[in-house]
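To start, the structure under review is shown below, and the notes come after it.
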Amino acid sequence: MTGRRRARGQKSIFDPIHGSLTLSVAPLELIGDPAFQRLWGIRQTGLAHLVFPGANHTRLEHSLGVYWVARQMATALDLGVEDAELVGIGGLLHDLGHPPLSHTLDSPMLECLGRSHEGRSRDIVLGTDRGEGDARATPSRIPEILERHGLEPRAIADLIDPPSRREPNRTLRALLHGPIDADRIDYLQRDAHYTGVAHGAIDASRLLDTIQVRAGRLVFAEKGRTAVEGFVVGRSLMYSAVYYHKTVRSAEVMAQAAVERLSGYPSAARPLLSQTDADLLVALESAGGHSARIVRALRERRLYKRVHGWRHLSSESRATLRSLDRAPAARRSREDAVAQAIGARPGSVLLDLSGLSDGGPERSDWASVGILEDGRVTYPFRSAGLWREIALRPKNPWPAAVYVDPRYEAEASRYLRRRPDAWG
């Protein structure tokens, strides 16, 4: 390094998004742990590389980026060295519990393990993760490393997955869990860079330059308004252009189905959720049956076709589809009933319900974003108007859609036109 001397034990890692990242001894030791190194094998954007060939970046890269951005935010807020390290380490470890293929397997993870990836990250940090039967998994030393460096595992775990009974420092929590947080500031830029989609090119420097704290809440100076507005637009467009692109969704529902159709599911799938992308696909293909057929189709990019979708749902249809979303076994039963009706194998017809979410907690999150105007805090996302509309725009414009093995596309289209009530 030139221009400044590194402290003993520090190292620099060059990152294509943030430049040179300086890491001290504690994060360097954590990075070397097998639980963290596993993130090399998990693509940040799941199966998006089948549509955007450059999207081969990993959860490990993203975790390093969140560590750096969280520390930069804490420094900009003058939170002190200890809090900056605490929130930085929280950002570094926040994705430890991710299953293979990133968010693609969120639903099977909840069904198999009864907890989200945040909950599993918490368990790994606390040393209470059970490993879920993966005999090859190397025990993690994350809690031991944290304690050796004077960092309390529970304080880190509470930042990653805040418990309802014990609210952590609200400002630190907002740096990792807010509408404009270190996680989003990193992944929007990183995913835009690797996919080649320009929508995520947010003005992160301006956001950091104008961030402030008022009454425990993050707010932005008036001169940062355009950066906030640009962030809102960029996030919204990245969801529609990349994360919920119809072909990306096809690949993701196929991968989810390959896990769900595994013989002995859900217990047989539990150890697979601790593996990497490649290990998961090899295990599913080796298992044979429906799972192997779907994985081979993914490897050869023979993706399912969207044959039906709902842009607008009646309250009755929405309630019916929500009930299937809450009961994955019932959803699979309906999928296979339709497959049988068109003469197809089980697993040939898949229902994508990822667009049913109405925003949930995000509504209140965006309502808390403040902009300083003439010395007082205003909340542009609380009132009806353009910016609130963009902030709460559905991530997926299709509340629900049906994907079908291309060999049965015509039959499925005809059947679903005749039987719009097939999912009832």
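Every number here is computed from the coordinates shown, using simple stated rules; none is lab data. These figures come from a predicted structure and were not determined experimentally. So basically every Cβ, Gly included, is an ideal-geometry build from the backbone, and we count neighbours across all protein chains shown.
3J(HN,Hα) along region 177-186, derived from phi through the Karplus expression 6.51 cos²θ - 1.76 cosθ + 1.60 where θ = phi - 60°, amounts to 9, x, x, 10, 10, 5, 4, 6, 4, 6 Hz, with x in place of Gly and Pro.
Remark: the ARG414-ARG154 segment gains 88.1 nm on full extension, using 0.36 nm per residue and subtracting the alpha carbon distance.
Under 5 Å between amide hydrogens, built in the peptide plane, is the criterion, and for GLN44 it picks out HIS57, THR58, ARG59 among residues at least 5 positions away or on other chains. Couplings for region 319-336, taken from phi via the Karplus curve 6.51 cos²θ - 1.76 cosθ + 1.60 with θ = phi - 60°, read 5, 4, 5, 5, 5, 5, 5, 7, 10, x, 5, 5, 4, 4, 5, 5, 4, 6 Hz in order; Gly and Pro are left as x. Of all DSSP beta bridges located in the chain, what percent are antiparallel, nearest 5? Within the chain, antiparallel bridges account for around 90 percent of the total. Bridging of LYS305 to lysines at a Cα separation below 26 Å is possible for LYS246, LYS395, once same-chain residues fewer than 8 apart are set aside. By the helix-only formula, in which each DSSP H run with n ≥ 4 contributes -39500 (n - 2.57) and the sum is divided by residues, the chain has a 222 nm mean residue ellipticity of -14000 deg cm²/dmol.
The long axis of helix 59-76 is offset from the longest Cα principal axis of the chain by roughly 40 degrees. Counted over region 297-349 with a bin width of 10 Å, the fraction of Cα pairs per bin, in whole percents, is 21, 41, 33, 5. Peptide packing: for 93-106, 233-246, the average count of neighbouring Cβ atoms within 10 Å per residue gives the ranking 93-106, 233-246, highest mean first.
For the chain, the equivalent ellipsoid derived from the Cα gyration tensor has semi-axes of 38, 27, 19 Å, listed largest first. Against the main long axis of the alpha-carbon atoms of the chain, helix 246-260 sits at an angle near 80°. Taking a sphere under 14 Å around the Cβ of GLY375 and counting the other residues whose Cβ falls inside, with K and R at +1 and D and E at -1, yields a net charge of 0. Going from the fewest other Cβ atoms within 10 Å to the most, the residues GLU285, GLU389 appear in the order GLU389, GLU285. Using the Cβ atoms and a cut-off under 14 Å, what net charge is assigned to the surroundings of ASP405, where Lys and Arg are +1 and Asp and Glu are -1? Net local charge, ASP405 excluded: +4. Under a 5 Å amide H cut-off, with hydrogens placed 1.01 Å from N, THR378 pairs with ILE371, LEU372, GLU373 among residues at least 5 apart or on other chains.
Mean separation of Cα pairs under 8 Å and 6 or more residues apart, divided by the residue count, gives the chain a relative contact order of 15 percent.
Panel order for GLU152, GLU411, by other beta carbons found within 10 Å of each beta carbon, from fewest to most: GLU152, GLU411. For the chain, a Gaussian network of Cα nodes joined below 10 Å ranks SER121, SER314, SER107 by mean-square fluctuation, and the top entry is SER314. Compute the acute angle (0 to 90°) between the alpha-carbon long axis of helix 277-287 and the principal axis of greatest extent of the alpha-carbon atoms of the chain; round to the nearest 10°. With rounding to tens, the tilt is 20 degrees.
Which whole-number percent gives the relative contact order of region 13-196, counting Cα pairs below 8 Å spaced six or more residues apart?
The value is 26 percent.
Taking 18 Å as the straight-line reach from the Cα of LYS223, the aspartates and glutamates in range (excluding those fewer than 8 positions away in the same chain) are ASP203, ASP209, GLU373, ASP374.
Region 237-293 to region 390-424: how many Å between their Cα centroids? Region 237-293 and region 390-424 have Cα centres spaced 20 Å from each other.
Net charge in the neighbourhood of GLU29 (other residues with Cβ under 11 Å of its Cβ; Lys, Arg +1, Asp, Glu -1) is 0. Across the options SER383, LEU175, ASN396, the greatest Cα extent toward the positive end of the charge dipole of the chain (unit charges at beta carbon of Lys, Arg, Asp, Glu) belongs to ASN396.
The smallest convex shape that holds all Cα atoms of region 13-196, its convex hull, gives 122 Å³ per residue.
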